[in-house]
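Worksheet: the structure to be examined is printed underneath.
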Amino acid sequence: MKNTIKLKAIQRIAAMLRIAIIAIVAVIGFAMMGCGNPSGPGPGPDDTLPPTTAFSVSGAFTKVGGGEVQFSMTDAASAARSIRSITADSYAIIGELEDGDIIFRLSGTYDPVALTYTASSASSLIRYSINGAFNEDGESLGSTATLLVRDNNTSDDWTAFSYVINETAAVNITGTESTETVSGIPAFARGWWSYAETWAAGPGNPDGATEGSSSMDTNVLLSEWTIVDETVYTAYDGSKEFNSFSASVVDVENMGTYYNMIMGYPVYAGTQAQVEAAAGAFLIDKGLTAQLLDEPPMYMSGSYWWYVSDDKGYGGHIPDEAYEDIFKSIDLFNMSAEDIRTFVRQYLSDNGITAEELSEPPDLMLGPSYWYDAGMNDISWAGFSPSQWNIISQWYMTNYLERHLIDAGVAPQTKYLKLRVSFSNSNTRMTIAYYGTPVTEHGYTWYDGEVNSVAAARAFTQFDPDGLTLTR
């Protein structure tokens, strides 16, 4: 990647999230009241959930090949006060989903701080997951409906489907409740988990900031059959980077001291033109304006390179071959800044490359702008104000790109990951590690584990020894 190389801690998180973004889409009807926070669906970070809080969503969609699925959910407090709370920062939601004439029980979690929810149900042949988010005014930001359907009774593989949920004022669920029992993520693990880290200005700051601080915040919601991960990295200047990931649970195996989990999800891959068109439509929908760039702004003019501090990283507008050769030969975590400067100077001289040496990175802020990121097949955003960043986050929270690609007729591929999940400290700490093939880049090893079959996922035995530890 031709941009700032962040600290190992950030790289570890980024590597764990180096997976295609889920493509699921919905426009969902809902009714929501938050008595503890009149302007939103639930309490703010400093509030407590009042016993009168009501949460409800309902909707319907038609499956591929026909057949309507409809569902209705409410907070568990409305059904039984004694089971309302999962943790101090989340509470249980429950409901029904009718597929054909069979009713499946939905259960999940609502996070009143992040204003997101996830709920799920399953049989031996199908996994249902519904995820959603709301703004502070209690308005739906879009929800998702994804089905994983086993290819056949004896197959280990599944096919992922995503659907538009039609907004509806009411549903009529009259089928027969399923008596089949299948087990997913253990009850004690469901609910809200988080990870947060802050880096002060100076040595050690991921962006080498001399003023302000940088931070990383991750929220994870688990239901019995889903995982939803929202990660935000905030730089010292207020700019943000987002990672959004959700998946359905295919299989959970209790290994004694840890759990192996196989996750499945659909991946939508659009062309550059389709992705850029989606971003343009998003800006119009949200009332924002921004400049579409042909490439990241740090490459817009001149020939240069820079490296500031041991923790900050190297970047430059120099030939691709030179860039790759340099990074094959340096170790960002064990070489000093001056060692790297010396190496780069010599390399450029030996290869007849003329480039201006900068003492700090070029100005990236050209006002609100966006560009296509070929590596992630997504959009990168820059130059927005703090309030605008809150709007840009909806690009990820509402799966806006995936909605656009579905409307454009892009077909998804089903992908799988294998996770190693362990618990400690009376089940208040959860460590997630990704299985996969070790890949070493820039002195750091991450694990590439996205595969096309459950069998390939099961076959992984190597995993990230660091993992990521979250707490309640």
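Just a few scattered comments:
- Breaking point among (1) assigned to a helix (DSSP H, G or I); (2) surrounded by fewer than 17 Cβ atoms within 10 Å (Cβ to Cβ), for residue 422: (1)
- The requirement of being surrounded by fewer than 15 Cβ atoms within 10 Å (Cβ to Cβ) and within 17 Å of residue 400 (Cα to Cα) is not satisfied by residue 257.
- Out of 431, 461, 440, sole residue that is within 20 Å of the chain's Cα centre (by Cα) and outside any helix (DSSP H, G or I): 431
- When residues of the stretch 162-188 are limited to those that are crowded, with 19+ Cβ neighbours inside 10 Å and either part of a strand (DSSP E or B) or modelled with pLDDT of 85 or more (or both), the one farthest from the chain's Cα centre (by Cα): 184
- Cβ-Cβ distances below 6 Å connect the following pairs, each with a first residue in the stretch 215-243 that is more than 21 Å from residue 253 (Cβ to Cβ), a second residue that is of a type in the set (Lys, Arg), and a separation of six or more residues or different chains: 232/240; 234/240.
- Single residue of the stretch 135-161 satisfying the filter (assigned to a loop (DSSP other than H, G, I, E, B) and in contact with a helix residue (DSSP H, G or I) (Cβ under 6 Å, 6 or more places away or on another chain)) that is modelled with the highest pLDDT: 157
- Extreme residue, modelled with the highest pLDDT, among residues of the stretch 116-134 that are under 15 Å from the mean Cα position of the chain (by Cα) and either polar (S, T, N, Q) or outside any strand (DSSP E or B) (or both): 118
- For the stretch 413-420, the criterion of being within 21 Å of the chain's Cα centre (by Cα) and without any contact (Cβ under 8 Å) to a residue 40 or more places away in the chain is met by no residue.
- Selection status of residue 414, assigned to a strand (DSSP E or B) and surrounded by fewer than 21 Cβ atoms within 10 Å (Cβ to Cβ): yes
- Here residue 353 meets the list (1) in contact with a helix residue (DSSP H, G or I) (Cβ under 7 Å, 6 or more places away or on another chain); (2) at negative phi; (3) surrounded by fewer than 17 Cβ atoms within 10 Å (Cβ to Cβ); (4) not assigned by TED's automatic domain parsing to the domain that holds residue 321 almost entirely, failing just condition (4).
- Identity of the residue in the stretch 286-341, at pLDDT below 60 and at positive phi, that ends up surrounded by the most Cβ atoms within 10 Å (Cβ to Cβ): 313
- Remark: pairs (first residue in the stretch 372-390, of a type outside the set (Phe, Trp, Tyr); second residue exposed (fewer than 13 other Cβ atoms within 10 Å of the Cβ) and in a helix (DSSP H, G or I); Cβ separation under 8 Å; 6+ apart in sequence or on different chains) = 374/272.
- Cβ-Cβ distances below 6 Å connect no pair with a first residue in the stretch 256-276 that is at positive phi, a second residue that is at pLDDT 95 or above and among the polar types (S, T, N, Q), and a separation of six or more residues or different chains.
The values are calculated or read from the model by the stated rules, or taken from the named source; none is laboratory data. Because the structure is a prediction, the values reported are computed rather than measured. With ideal geometry, Cβ positions are generated from the backbone for all residues, glycine too; neighbour counts draw on all protein chains shown.
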